[in-house]
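Reading through the structure tokens given below for one structure.
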């Protein structure tokens, strides 16, 4: 196996941190080597210095996209941290129904991974707003940095085991059976989720309208404090007054620094 030297690790980890916010600490030597070894071998390279030079020369963006796919941790599942979805349905949606006069809800899943989270949000939204006339606009914007994860999400094919945590009614209504092992998200539900590749480290977020709800769960654990604080401030500016931010239960905001108001574990709100 091709081993990474200390200077090579610092150079590659520094590049990843500057452009994608992911902090790879020194103890991640083995992880980085393990995830990139086969890629270097396939490219016919004998060192990580050679690979770094290859990244710097690439002008298509494809080499970096492959790197991000390799190092991204896309661990997710349906109904992860279910109390968030219950709070979203029972508290957030009634507030939005009463306050958003345009009937245009803007919900952003900022780390969509392989699609389980945004599809869950879309099912909740369809169940809640589906019977209203005139109808509400409730499409979910789902973004991720990993193109490979987004491809899985767009296909919407999951094993029977993965959808098992969902309510039986949802499994029947929003999925169709492919075979004994797998199901596919219905076309109607797919139309409710807009998947896009997006880097949360972009200096300017290219959204023309503010969001009502942002889910960014279990992502900031990979960022250092400065990167996290900067991202949280961008989320704050992007939210409508009264809007909600959901983060992972293993994450927290610096309450002395952020303008967000703490509501409950891993739920924050933009309030005056």
Quick note on 224, 180, ordering by fewest other C-beta atoms within 10 Å, gives 180, 224
Per-residue [θ]222 nm for the chain (sum of -39500 (n - 2.57) over DSSP H runs n ≥ 4, rounded to 500): -12000 deg cm²/dmol
Quick one: if you stick a label point 7 Å off each Cα along the C-beta vector at residue 237 and residue 62, how many nm between them? 3.5 nm
Of 141, 238, 55, the one that fluctuates the most in a GNM where the chain has Cα springs shorter than 10 Å: 55
Extension gain residue 37-residue 54, at 0.36 nm per residue separation less the Cα-Cα distance, in nm? 4.6 nm
Quick check: pseudo-label points 7 Å beyond the Cα along Cα→Cβ at residue 176 and residue 147, how many nm apart are they? 2.9 nm
Taking 56, 123, 45, 1 and counting other beta carbon atoms within 10 angstrom, the fewest-first order is 1, 56, 45, 123
Cα atoms only: what Rg and Dmax, in Å, come out for the chain? 20.1, 63
If you average the alpha carbon positions of the stretch 92-142 and of the stretch 246-272, how far apart do those two centres end up, in angstrom? 21 Å
Please work out how much length the chain gains when fully extended from residue 264 to residue 210, using 0.36 nm per residue of separation minus the C-alpha to C-alpha distance, in nm with one decimal. 17.2 nm
What is the gain in length, in nm to one decimal, between residue 168 and residue 137 on full extension, counting 0.36 nm per residue of separation less the C-alpha to C-alpha distance? 8.6 nm
Honestly the stretch 54-97 on the Cα gyration tensor test (a ≥ b ≥ c root eigenvalues; a/c under 1.5 rounded, otherwise a/b vs b/c for prolate or oblate) is just prolate
Quick calc, residue 73 & residue 10: beta-carbon distance into FRET formula, R0 30 Å, rounding 0.05, result 0.90
Rounded to the nearest 0.05, what FRET efficiency do residue 225 and residue 90 give with R0 = 30 Å and r taken as the Cβ-Cβ distance? Could you check? 0.40
Suppose R0 equals 35 Å; then what is the FRET efficiency for residue 191 and residue 251 from their Cβ-Cβ distance, rounded to the nearest 0.05? 0.65
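Read the figures in this text as sums done on the coordinates, not as results from a lab. Computed from a predicted structure; not experimentally measured. We place every Cβ from the backbone using ideal geometry, glycine too, and count neighbours over all the protein chains shown.
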